[in-house]
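In what follows, a structure is listed as structure tokens, so that the remarks can point back to it.
The values are calculated or read from the model by the stated rules, or taken from the named source; none is laboratory data. Since this is a predicted model, take the numbers as computed values, not measurements. Don't worry about glycine lacking a Cβ; one is built from the backbone with ideal geometry, like all the others, and counts go over all protein chains shown.
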């Protein structure tokens, strides 16, 4: 939701990523290739020119806006990569997510930049310089080159954007001075307007703002007038605020292919770290993550990991993924790894009452155990007995997948003793010499207890008896009233 | 080497068990039966693996543990049943006051999974009830579990067939269970750390049904087709 940003004491930070087109593509390159001179080229009206290049290429004299032929003439071994705008924007969104930890008010500038409003974060970071330093460290750890500019409004911050990362906040007067001293050639204006500035003898923004507005509006168009008004805090600059997306989707491409499971773990770790940034920004926990391992040709392998929600750190997510990965049949070579998650909860059960002295760590330990068993043995290996409101024993007690089931209030209708073990299928009992026989002779010691069920689909009436064998083991038998056949249905233990 | 030398060299070894040394397991869990608590000098060992060897399924081997399971679940700890022989019957467990949502039944596909799941469960502080797979776990496997239990101070119970008595076991407590009569359990201590084996205890788990009913004496099903409340019930 855009909010008026014309408050004079706002402090806007403009982050510019000059090498973003290059740094988006670098992680996909093999290491030995990344150390060579590389330039990203962009096409503009039939001419291809250099957009940005790495330091190795700059050493050869390559610089932005050189034409491709000139660049190749300067450095014959220059690697040329076409610009990938879509990936670039995705990466910019990721960076916005990363900056979301530093300020809640972020606007994405599609031309490799981000605006952050930081006046509200003064107390949290105990000073602006600490905030700027932490932000700088974080961006460096991400491996991205960033420069910044600070101003009282977004446009001013962008205008005074420097060539390095400033970690000290200048005073308000200095900010104003700096803005007014800006050369007009940096102003966002057309070539004709720039020509006009020259003809008028205007050099800095100070000269421009010194002129009466009415005189200016006669010479320049409305767009420039609005821009000047916004620069001068006379009119608000409205731009949509950045919001974390509703689902997480990220991928890593490996054009040269990954052939064994061990080498998958590193890109998986990177993806999970991104996921954790996302979760942290949204203040939520995820319940399920989906992995997809795609070969160049053929069917991708998929893997789902169910989480009870207590884990928000990438290391335990990686451990669970690794356990499940052991059981997965992978394509021979994996070209692309995708991580997806769209099931989030605010706070998982058992974490709600996070009091200092409660046993929330026990609940967490339970969840972690269930998660790791799920991952290693598969979901089908785990179950939990559930009590149902039903008369027939096999329906009164079923197995369900473990989850956060509510505590069932039980009221036991049956007074007779009930067995601890139930046979999944009632086993038929033979009768030999007027004696029941299942593995060994059984004799009845008490009963019957009549149970009826399913009267709506072929009534079942059973008389349940307690029987024992010569060793003292007790069994739960029943006789169907319709066909008078005997079955063992359970064991006391 | 002379005989006393052999003995003294054996005694200097760390892992030689000396029957006399009264180094008892410090923590215990009450079994819920006074006489059994007395026999086990306090109850089930809390940070150890206990092996129960019933002569046969169904003689009451699980009833022995129900109080411990109930106690454990009431503190919202998980209780894990690894490879139980049959399906646990929810109404009966629920009637004894066991929290069903704290029970977890796990099925393993092979011995490796069995051992892994057992160790994970012990290490995460859950109460483990494991039933040995048909190919019995090796001494080394059991020792691994025993050490895990000692490390994480959680109790673990293993049900093995009685033929496993022929092989040695590293567990802290080994109990053989037999029964001649209904609800009458005879417990024999086969191994217990700090105490000589061989003690026995007759434990009554409930009423002993003496009366047997012949098939011919069963009530005839006179009113077939609807529930008959007047059917005479045989009591014992």
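Could you check residue A:368 against (1) in contact with a strand residue (DSSP E or B) (Cβ under 9 Å, 6 or more places away or on another chain); (2) at pLDDT 80 or above; (3) at the interface with chain B (Cβ under 7 Å from one of its Cβ atoms) and say which number it fails?
Unmet for residue A:368, out of (1) in contact with a strand residue (DSSP E or B) (Cβ under 9 Å, 6 or more places away or on another chain); (2) at pLDDT 80 or above; (3) at the interface with chain B (Cβ under 7 Å from one of its Cβ atoms): (1).
Of the residues in region B:105-133, how many are closer than 23 Å to residue A:364 by Cα, more than 10 Å from chain A (Cβ to nearest Cβ) and in a strand (DSSP E or B)?
4
When region B:197-236 is examined, which residues are found to be at pLDDT 60 or above, part of a loop (DSSP other than H, G, I, E, B) and either within 9 Å of chain A (Cβ to nearest Cβ) or farther than 18 Å from residue B:53 by Cα (or both)?
Across region B:197-236, the qualifying residues are B:206, B:207, B:208, B:209, B:210, B:211, B:212, B:214, B:218, B:219, B:220.
Tally up the residues in region A:147-169 that are in contact with a strand residue (DSSP E or B) (Cβ under 8 Å, 6 or more places away or on another chain) and over 17 Å from residue A:117 (Cβ atoms), please.
5
How many residues are part of a helix (DSSP H, G or I) and either more than 9 Å from chain B (Cβ to nearest Cβ) or at pLDDT below 85 (or both) if we restrict to region A:381-404?
Of the residues in region A:381-404, 4 are part of a helix (DSSP H, G or I) and either more than 9 Å from chain B (Cβ to nearest Cβ) or at pLDDT below 85 (or both).
Using the structure shown, decide if residue A:6 is modelled with pLDDT under 85, outside the structural domain of residue A:131 (by TED's automatic domain parsing) and either under 30 Å from residue A:170 (Cβ atoms) or surrounded by fewer than 18 Cβ atoms within 10 Å (Cβ to Cβ) (or both).
no
I want to confirm something. Restricting to region A:63-81 and keeping residues that are in contact (Cβ under 8 Å) with a residue 24 or more places away in the chain and touching a helix residue (DSSP H, G or I) at 6+ places or on another chain (Cβ under 9 Å), which single residue is surrounded by the most Cβ atoms within 10 Å (Cβ to Cβ)?
A:71
So, in region A:338-365, of the ones that are within 15 Å of residue B:103 (Cα to Cα) and surrounded by fewer than 20 Cβ atoms within 10 Å (Cβ to Cβ), which residue ends up modelled with the lowest pLDDT?
My answer is A:362.
Looking only at helices (runs of 4 or more DSSP H) that fall completely inside region A:71-185, which ones have 3 or more residues that are over 32 Å from the mean Cα position of the chain (by Cα) and not assigned by TED's automatic domain parsing to the domain that holds residue A:252?
Qualifying helices (runs of 4 or more DSSP H): A:172-180.
Out of A:287, A:302, A:253, A:292, I need the residue that is without any contact (Cβ under 8 Å) to a residue 40 or more places away in the chain and touching a strand residue (DSSP E or B) at 6+ places or on another chain (Cβ under 9 Å). Which one?
Only one candidate qualifies: A:302.
For residue A:188, which of the numbered conditions (1) out of contact with any strand residue (DSSP E or B) (no Cβ under 9 Å at 6 or more places or on another chain); (2) at pLDDT 85 or above fails to hold?
Failed condition: (2).
Of everything in region B:64-84, what is under 20 Å from residue B:108 (Cβ atoms) and at the interface with chain A (Cβ under 7 Å from one of its Cβ atoms)? Give them in sequence order.
B:78
So which residues in region A:186-201 are surrounded by 12 or more Cβ atoms within 10 Å (Cβ to Cβ) and either in a loop (DSSP other than H, G, I, E, B) or in contact (Cβ under 8 Å) with a residue 60 or more places away in the chain (or both), if there are any at all?
A:187, A:188, A:189, A:190
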